[in-house]
Every structure is written in C-alpha cells, then in structure tokens.
Amino acid sequence: RSASEAFYRSELDSAEAMYQQAEDRTLDPGLVAFNKGMVHYRRGDFRKAELGFRRSLGDAAIPRERRAKALYNLGNSLVHQAGEKELKLLQSAIECYEMAILETVDPGTKDDAADNLEIAKLLWAKARAKRPPGERDPDWDPPRDPKDPPPDPKKQPELGPEKNDDGSTKQ
C-alpha cells in the first residue's frame, strides 16, 4: 500500500524501491509486476514497462480486469516504442488493444482501448507505407490463442537442432 501511495504522489523512486522489496514477500507477484510496469511507464521507460506488463500477464491467476488493464498498458508501451516505423510492435499493440476490449468490463478501459486501437492501426498503415521500395511486405502472423499475450517481437527465437531435408535431426 505504501508503494501505491508513493506512486500516486509521483514519488516514483520510492514506489519502485518498495515494489522491489514487495517482490520477495508478496503472494501476488503479478500485481507487483503490473505496478512496477506502471512506474516504468510513467517514467517513460517503455521497454521496462512492457516487460513488467508481460510478467503480470504471465501470472496464471491474474484477475480478469487486471489482465485487461495489463493488455491495454502493454499496447500503450508498444506503441510508444514503435512510433511510425516498427510494424511488428504496432501489430502486437493492435492485438493487445483488441484483447483488452474483449476482456474488460470497465467501460472506460474499453473506450480508451478502442481509441488507442484506431491510433495504432493508423500508425501501422503509415509505417507500412513508409517501408523502402522492394522491401518484403510483412504479413500478419498466424492467429494465436487469444488467451496468450502477444509474443515479445524483440526476443530472439530459440534455435532447435538442425534438420535434414527429410525432417530428421542432423547428427
């Protein structure tokens, strides 16, 4: 509670330090991750905010409304990072807003997510139009399970063993 009070007083360093301490003792790590994401977002560190919201979404017992707000805030963090140039980040933001709209029961969150969805779509269209001539046209990724948050587009895929032409593993 003290950390949240510090956050609302805009004492971000104090709030972050208290949230850090709470990580070791909490029974709700998803809430602490969400709150730390909010601190980073308010500071303008959108990559750290993104990671906090992703950790919050990784909580198997996340309450529905917190999930919707984490998706909304994750979308906002991605849009800030993407600007008008990162198609994959904007695609992920669009997916976050769409999921937030479906999952929230709060009319304010639903309206805000709908507004930001339209902005993200416009930014995506601008980014797509600005790509250099001859650059491969990036397609939307195949559909995912709507219960899973969008993947981190900056994370490198894990490489598995090399395969032969017949699908068997190379020795």
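Of 31, 62, 49, which is farthest along the charge dipole of the range 25-93 in the positive direction, counting Lys and Arg as +1 and Asp and Glu as -1 at C-beta?
The one lying farthest along the dipole's positive direction is 31.
For the range 32-89, what does the accessible surface come to per residue with a 1.4 Å probe? Please give it in Å².
Heavy-atom SASA per residue in the range 32-89 reads 41 Å².
How big is the gap, in Å, between the Cα center of the range 29-53 and the Cα center of the range 82-113?
The two parts, judged by their Cα centres, are 16 Å apart.
Roll a 1.4 angstrom probe over the protein heavy atoms and tell me the percent of accessible area of the range 48-129 that is carbon or sulfur.
Carbon plus sulfur share of accessible area: 56 percent.
The values are calculated or read from the model by the stated rules, or taken from the named source; none is laboratory data. Because the structure is a prediction, the values reported are computed rather than measured. So basically every Cβ, Gly included, is an ideal-geometry build from the backbone, and we count neighbours across all protein chains shown. Remember, those area values only see protein heavy atoms, side chains included, never the ligands or the DNA or RNA. Shrake-Rupley method; radii C 1.70, N 1.55, O 1.52, S 1.80 Å.
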